[in-house]
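Bear in mind these aren't lab numbers, they're just calculated from the coordinates by the rules spelled out. Just so it is clear, the model here is predicted, and its values are computed rather than measured. Here the Cβ positions follow ideal geometry from the backbone for every residue, glycine too, while neighbour counts run over all protein chains shown.
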Amino acid sequence: MVSIMENIAENKRKRVLSGIQPTNTPHLGNYLGATKNWVDMQNDYDCVCFIADLHAITVRQEPAKLRAQTRETYALLMAMGIDPDRSVLFVQSHNHKHAELAWVLSCFTQFGELSRMTQFKDKSSKGEENMNLGLFAYPTLQAADILIYNADLVPVGADQKQHLELSRNIAVRFNNAYSPTFTVPEPHIVKATAKIMSLSEPTKKMSKSDENPNASVFVLDERDVIIKKFKRAVTDSGTEIVYREDDEGKAGINNLMGIYCAVTGSSIADTEAEFAGRGYGDFKASVGEAVADTFAPIQSEFKRLMGDKAHVDACMKSGAERAIALSAKTLAKVYRKVGFYGIG
Ligand code: TRP
């Protein structure tokens with residue numbers, strides 16, 4: 001198999017960059033909407049994928065927990081199918097160049113721009129007490145993550161669109177101030193798998209922070225827990241398993257159908273035919289089983305990897321080395337362009 005470094009050397013494929021915070025254990029919506037796509041993208045792109053631990057400390061973290069979550073998230077990405085050989089998979093803090101570039105880029109980011117970021121505004125308006133500088137500068141660090149690898153594409157959900165837009169503006173601003181240095185990244189809009197809604201309030205998006213434990217299904221939930229959550233999924237008083245986009249009150253059953261189709265690869269029409277004449281209860285159990293079947297191989301591979309610390313650590317180390325090698329040129333260029341004195 002051709003390794004990513006050879007591919008990159010030949011520079012034939014577009015480069016995709018994605019980041020995930022170690023504090024976000026992925027739920028079904030994250031899996032279908034994001035991480036599963038990263039796995040599939042490895043076939044067509046050079047993928048750079050990292051665990052954003054620098055971003056995680058913008059919110060106070062318990063050190064031992066953050067350390068554990070970092071290895072867990074890394075192992076989970078591997079278990080899901082991000083291949084540390086075919087892709088560059090690493091931990092952000094292991095490549096110190098992100099923080100170095102972030103400083104330079106912070107001098108190319110306007111105070112007003114950061115003040116307008118909705119994520120920042122949301123946090124400050126909610127009366128968050130720990131409004132630290134890192135939280136304010138968060139999008140500039142994210143720009144550094146992206147620009148240091150000259151990423152062509154960044155898969156983005158709605159919540160990260162504004163941050164990508166800022167990255168693009170910073171790139172253009174720097175390129176105009178000096179000479180072309182950064183690739184201006186494009187958003188990669190993933191072709192729609194159904195938006196995954198909460199199981200208990202199906203007009204709301206599935207969220208990791210939902211207070212109702214039955215609302216979200218996590219990738220590492222045990223089989224019986226997954227099935228139980230689906231059995232409790234809120235639907236309506238109907239009986240037929242059909243998809244009705246615009247009908248009032250059908251959000252629950254529509255959501256379950258979307259999930260079933262996404263995990264089995266079946267179409268809406270085939271699903272309707274498969275469950276014709278069967279009730280909601282039966283269908284809910286089948287969706288639960290299909291989701292549990294999807295997560296089962298990920299969970300067993302995750303368990304295996306968590307038992308092989310030496311292997312995961314070795315992958316992290318080589319991922320970090322590749323990330324450093326891949327970003328060295330860009331940072332050196334930036335340092336030269338802004339006028340830092342080089343000593344060879
Ligand atoms: N802010 C992103 C999130 O919370 C994580 C992230 C950090 C990221 N750096 C990135 C995503 C660079 C894409 C590109 O989801």
Can you tell me which of (1) over 30 Å from residue 234 (Cα atoms); (2) assigned to a loop (DSSP other than H, G, I, E, B) is the one residue 310 doesn't meet? (2)
For segment 172-185, state whether one or more residues are within 14 Å of the ligand (Cβ to nearest atom) and within 16 Å of residue 49 (Cα to Cα). yes
Look at residue 34 and say whether it is out of contact with any helix residue (DSSP H, G or I) (no Cβ under 9 Å at 6 or more places or on another chain), in contact (Cβ under 8 Å) with a residue 60 or more places away in the chain and either within 12 Å of the ligand (Cβ to nearest atom) or of a type in the set (Gly, Ala, Ser) (or both). yes
When residues of segment 127-154 are filtered for being of a type outside the set (S, T, N, Q), more than 20 Å from residue 322 (Cβ to Cβ) and within 12 Å of the ligand (Cβ to nearest atom), how many remain? 5
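Out of all the residues in segment 68-77, is one or more over 20 Å from residue 305 (Cβ atoms) and among the hydrophobic types (A, V, I, L, M, F, W, C)? Step through it out loud before you land on a result.
Start the filter on segment 68-77 by keeping residues that are over 20 Å from residue 305 (Cβ atoms), which leaves none.
Scanning segment 68-77 turns up no residue that is over 20 Å from residue 305 (Cβ atoms) and among the hydrophobic types (A, V, I, L, M, F, W, C).
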So which residues in segment 9-62 are within 27 Å of residue 217 (Cβ to Cβ), aliphatic (A, V, I, L, M) and assigned to a helix (DSSP H, G or I), if there are any at all? 28, 32, 34, 39, 41, 56
Only unsatisfied item for residue 82, checking (1) under 15 Å from the mean Cα position of the chain (by Cα); (2) over 19 Å from residue 154 (Cα atoms), is (2)
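The rows are residues; the columns are (1) buried (at least 16 other Cβ atoms within 10 Å of the Cβ); (2) farther than 20 Å from residue 139 by Cβ; (3) among the hydrophobic types (A, V, I, L, M, F, W, C).
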position: 49; (1), (2), (3): yes, no, yes
position: 65; (1), (2), (3): no, yes, no
position: 70; (1), (2), (3): yes, yes, no
position: 77; (1), (2), (3): yes, yes, yes
Which condition number does residue 286 fail, the rest of (1) under 18 Å from residue 223 (Cβ atoms); (2) under 22 Å from the mean Cα position of the chain (by Cα) being met? (2)
